[in-house]
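Please treat every number below as a calculation from the coordinates, not as lab data. All values derive from a computational prediction rather than experimental measurement. Don't worry about glycine lacking a Cβ; one is built from the backbone with ideal geometry, like all the others, and counts go over all protein chains shown.
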Amino acid sequence: MKMAGFYDESISNGLGWRAVLFVSGCPHHCQGCHNKEAQDFNYGANFNKQEILTRIEENSILKGITISGGEPLCKENISEVVDFIHDVKKIKPHFNVWCYTGYTIEELIERKDKITNEALQEIDVLVDGRFKEDQKDPTLKFRGSKNQRIIDVKESKKNKKITELLI
Ligand code: SF4
């Protein structure tokens with residue numbers, strides 16, 4: 001897997017101080033994509049998991065990790081993303097995990113495969129759906145267009161209905 005970027009600390013990619021990994025490669029090709037170069041699976045640097053884990057481990061102000069892209073949950077990236085989240089939780093068990101994806105949560109549930117289920121086990125908050133230029137709204141927090149939802153995955157499972165975070 002290639003990565004389009006990594007922020008050691010950010011407060012604009014989810015609640016609280018977070019490390020942010022931008023993976024490379026995205027099959028969605030949304031019009032008006034904010035990160036067009038990251039659609040290319042060969043864009044960016046090789047993902048050096050150990051180096052990133054060390055940087056996370058050494059940073060004591062972080063409250064969580066956000067995985068963005070590109071598309072973290074496409075078939076090309078999802079296994080390495082899940083493996084990375086597992087390893088992050090080994091060194092930072094208290095971390096919460098946000099993930100940005102162009103898929104809707106319904107599309108992910110519909111896959112009914114092991115690795116997607118594992119991803120949904122590990123992700124606390126899913127910001128879902130493709131970017132839609134005609135629904136773009138710069139006043140929205142943590143998302144680009146109105147169709148995208150900030151979903152509390154664990155609450156959604158418990159309530160058996162999609163439960164959005166009120167931000
Ligand atoms: S899902 Fe995100 S990265 Fe992929 S094309 Fe759409 S806006 Fe760009």
Practice problem: Order these peptides, 5-14, 80-89, by their mean beta-carbon neighbour count within 10 angstrom, highest first. | Solution: 80-89, 5-14
Quiz item: How large is ³J(HN,Hα) for each residue in segment 87-98, as worked out from phi by the Karplus curve 6.51 cos²θ - 1.76 cosθ + 1.60 (θ = phi - 60°), to whole Hz, x for Gly and Pro?
Solution: 5, 4, 5, 5, 8, 9, x, 7, 4, 9, 10, 9
Quiz item: Using θ = phi - 60° and the Karplus form 6.51 cos²θ - 1.76 cosθ + 1.60, what ³J(HN,Hα) does each residue of segment 46-56 get, whole Hz, x for Gly and Pro?
Solution: 4, 7, 9, 4, 5, 5, 5, 4, 5, 5, 5
Quiz prompt | FRET efficiency, residue 163 to residue 58 (Cβ-Cβ, R0 35 Å, nearest 0.05) | solution = 0.55
Practice problem: Determine the sum of side-chain charges near residue 167: Lys and Arg each +1, Asp and Glu each -1, restricted to other residues whose C-beta is under 10 angstrom from that of residue 167. | Solution: +1
Exercise. Quickly work out the residue 50-to-residue 87 label distance, labels modelled 7 Å from Cα along the C-beta direction, and quote it in nm with one decimal.
Key: 0.9
Exercise. Could you let me know the centre-to-centre spacing of segment 47-124 and segment 30-45, using Cα atoms, in angstrom?
Key: 19
Exercise. Would you mind working out the magnitude of the charge dipole of segment 2-159 relative to its Cα centre, with +1 at each Lys and Arg C-beta and -1 at each Asp and Glu C-beta, to the nearest 20 Debye?
Key: 340
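Taking the highest mean first, how do the peptides 120-132, 136-148 order by number of other beta carbon atoms within 10 angstrom per residue?
With the highest mean Cβ count within 10 Å placed first, the list reads 120-132, 136-148.
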Exercise. Could you calculate the contour length gain from residue 146 to residue 75, that is, 0.36 nm times the residue separation minus the distance between their Cα atoms, to one decimal place in nm?
Key: 23.0 nm
Quiz item: Which value in nm describes the separation of the simple spin-label points at residue 107 and residue 136, placed 7 Å from the Cα toward the beta carbon?
Solution: 2.0
Quiz prompt | Summed residue charge, Cβ within 13 Å of residue 58's Cβ, Lys/Arg positive, Asp/Glu negative | solution = -2
Exercise. With +1 on each Lys and Arg Cβ and -1 on each Asp and Glu Cβ, and nothing else charged, work out how big the dipole of segment 54-100 is about its Cα centre, in Debye to the nearest 20.
Key: 220
